[in-house]
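First the structure, in the form of structure tokens, and then the observations on it.
Read-outs: derived from the displayed coordinates by stated rules, not from any lab. Keep in mind the model is a prediction, meaning the values are calculated, not measured. When we count neighbours, we look across all protein chains shown, and the Cβ atoms used for this are built from the backbone with ideal geometry, even at glycine.
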Amino acid sequence: MIFGLGTDVIQISRIQQSLERYGEHVATRILSNPELSAFRILSPGRQTEFVAGRFAAKEAIAKAVGCGLARLKMSSVDISVGDRGLSVTWLNEMPVGVQKDDQILVSISHSEDTAFAVAIWSRES
């Protein structure tokens with residue numbers, strides 16, 4: 001059963017400007033520790049795209065579970081690439097209402113100037 005759906009789109013240039021102004025501090029606010037490790041080995045252009053995609057995905061997750069970014073610490077959500085696509089792991093406590101066996105499905109897409117993500121919160125009935 002689907003409990004929530006969220007989407008987000010962001011201009012990659014906004015993330016680029018933030019990275020230029022504040023450096024890696026921006027990435028540490030958005031990325032989990034495993035994501036930071038992946039970020040650090042990317043080329044600068046790819047780093048910007050990576051952070052923008054993760055930002056959009058985490059915003060979409062926050063919308064799907066109904067907590068908003070005010071109550072979701074982005075760095076406590078890890079999005080990793082697995083055998084079946086992207087996988088979401090909560091590194092700290094989950095938002096209210098989300099249960100341990102619930103699934104958060106997420107997809108990220110990029111164009112030259114935007115990153116887009118969709119997230120679905122589901123539970124087996």
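Based solely on its DSSP helices, what 222 nm [θ] is calculated for the chain when runs of n ≥ 4 H residues each add -39,500 (n - 2.57) and the sum is averaged over all residues, nearest 500 deg cm²/dmol?
Using -39500 (n - 2.57) per qualifying helix, the result is -12000 deg cm²/dmol.
What does the net charge come to around Met74 if you take all other residues with beta carbon closer than 9 Å to its beta carbon, with K and R at +1 and D and E at -1?
Combined, the nearby Lys, Arg, Asp and Glu give +3.
If packing is taken as the mean number of other Cβ atoms within 10 Å per residue, what is the order of 21-27, 47-53, highest first?
Result, highest mean first: 47-53, 21-27.
Whole percent per 5 Å bin, from 0 to the bin with the longest distance: what is P(r) over all C-alpha pairs of the range 1-96?
Values per bin, smallest distances first: 3, 13, 23, 26, 20, 10, 4, 1, 0.
First select every other residue whose beta carbon is under 11 angstrom from the beta carbon of Ala115; then total the charges, Lys and Arg +1, Asp and Glu -1.
Once positives and negatives cancel, what remains is -3.
So, in nm, how far is label Ser107 from label Ser13 when the simple model puts each one 7 Å beyond its Cα toward the Cβ?
Those two pseudo-labels are separated by 2.8 nm.
List residues of the range 95-125, by number, whose backbone nitrogen lies under 11 Å from a label position 7 Å along Cα→C-beta of Arg84.
103-105
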